[in-house]
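The values are calculated or read from the model by the stated rules, or taken from the named source; none is laboratory data. None of the values given here were measured: they were computed from a predicted structure. Neighbour counts run over all protein chains shown; Cβ positions are idealised from the backbone, glycine included. Heavy atoms of the whole protein, side chains included, go into the accessibility calculation; ligands, DNA and RNA do not. Shrake-Rupley method; radii C 1.70, N 1.55, O 1.52, S 1.80 Å.
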Amino acid sequence: MKKITYLFILFLGIAFTGCQEEKGFLFQDVTRISFSPKEAGNYEMTYSFIWGTQNRDTVYLPVSISGRVADHDRQIEVVQIPGYDVTYNHDDQGHLTDSIVTEWSNSAVAGKHYIAFEDAEAKALLKIKAGEITGYVPVIVLRDNSLKTEKVRLRIQLVVSNDLELGQAKNLIMLLNISDQLEQPVNWTRYSSVQSYLGAYSKPKHELMIEVLHDKVDENWLDQMVNDRPNLIFWRGKFQEALNAFNNDPANIASGKAPLRENPNYSNSAEVTFPSNV
């Protein structure tokens with residue numbers, strides 16, 4: 001009986017200490033900053049210059065703070081950090097033998113693909129405005145010619161500033177992909193409804209959809225469609241009509257362009273399709 005009582009008291013002590021530590025982190029009188037994407041868990045965004053003619057633009061990565069509002073602007077501090085890919089090797093039986101970690105070769109370069117965060121122009125924008133508890137990390141992106149053939153990746157981490165401490169570690173890093181090409185929206189594979197109605201992604205399919213819509217088909221458009229299923233079904237029908245028209249065009253058939261394939265350079269590549277069983 002004494003042993004059971006002792007263990008119960010020990011358990012209460014550990015639980016109380018843990019709650020105190022968590023409560024101290026969450027509620028102590030310290031203002032903390034974190035990235036706060038509109039879709040929970042989505043810490044990756046893509047920006048492409050292909051949608052416009054501008055040579056520079058600003059991408060806004062949402063952040064929020066926990067703590068008190070202030071009567072003055074508060075400085076946000078961020079840095080670029082390297083990214084890594086991990087390759088896993090297996091033996092003939094499928095057992096893991098080793099792994100190889102390599103640093104990204106396509107990391108964004110400050111001054112070439114974006115304005116450095118320590119630059120006065122960028123630093124002036126890195127603020128939580130007075131009276132606000134939400135804001136943005138503005139990233140000034142640059143249209144370098146290399147982006148026409150290569151997507152670069154900018155991995156951004158929040159760091160402590162004179163005004164702001166840090167939130168939970170899992171919410172401190174954001175990845176921004178930058179290119180001047182047609183890119184797969186990062187949320188194409190995240191929504192089951194997108195895959196159910198639009199199917200597998202390919203650039204020829206993406207180009208067809210843009211031609212039908214006469215507008216962007218990007219992360220924002222997919223977000224809207226996920227929340228408006230009838231509209232998604234309507235446009236899926238329009239995409240199917242356009243695909244059928246393309247595939248049945250005698251000129252496209254004669255030139256070998258039809259049927260439209262996921263990789264037009266290979267005659268045995270899978271045909272572009274839109275699911276019709278949902």
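Within the range 82-117, the set of residues being surrounded by 10 or more Cβ atoms within 10 Å (Cβ to Cβ) and of a type in the set (D, E, K, R) comprises 85, 112.
Pairing each residue of the range 179-203 that is under 13 Å from residue 232 (Cα atoms) with any residue that is open to solvent by 50 Å² or more (accessible area, probe 1.4 Å) and hydroxyl-bearing (Ser, Thr, Tyr), provided the two are 6+ apart or on different chains, yields C-beta distances under 8 Å for 195/189; 199/273. Screening residue 122 with (1) under 30 Å from residue 241 (Cβ atoms); (2) open to solvent by less than 50 Å² (accessible area, probe 1.4 Å); (3) out of contact with any Phe, Trp or Tyr (no Cβ under 7 Å at 6 or more places or on another chain); (4) assigned to a helix (DSSP H, G or I) gives one miss only, at (1).
Taken together, the criteria exclude residue 137 from residues that are touching a Ser or Thr at 6+ places or on another chain (Cβ under 8 Å) and part of a strand (DSSP E or B).
Whether any residue in the range 46-54 is at pLDDT below 90 and open to solvent by 30 Å² or more (accessible area, probe 1.4 Å) is what I want to check. No, because not a single residue in the range 46-54 is at pLDDT below 90 and open to solvent by 30 Å² or more (accessible area, probe 1.4 Å). Scanning the range 48-60 for residues that are touching a Ser or Thr at 6+ places or on another chain (Cβ under 8 Å) and assigned to a strand (DSSP E or B) yields a total of 1.
Of all residues in the range 173-185, those satisfying the criterion of being under 30 Å from residue 69 (Cβ atoms) and crowded, with 19+ Cβ neighbours inside 10 Å are 174, 176.
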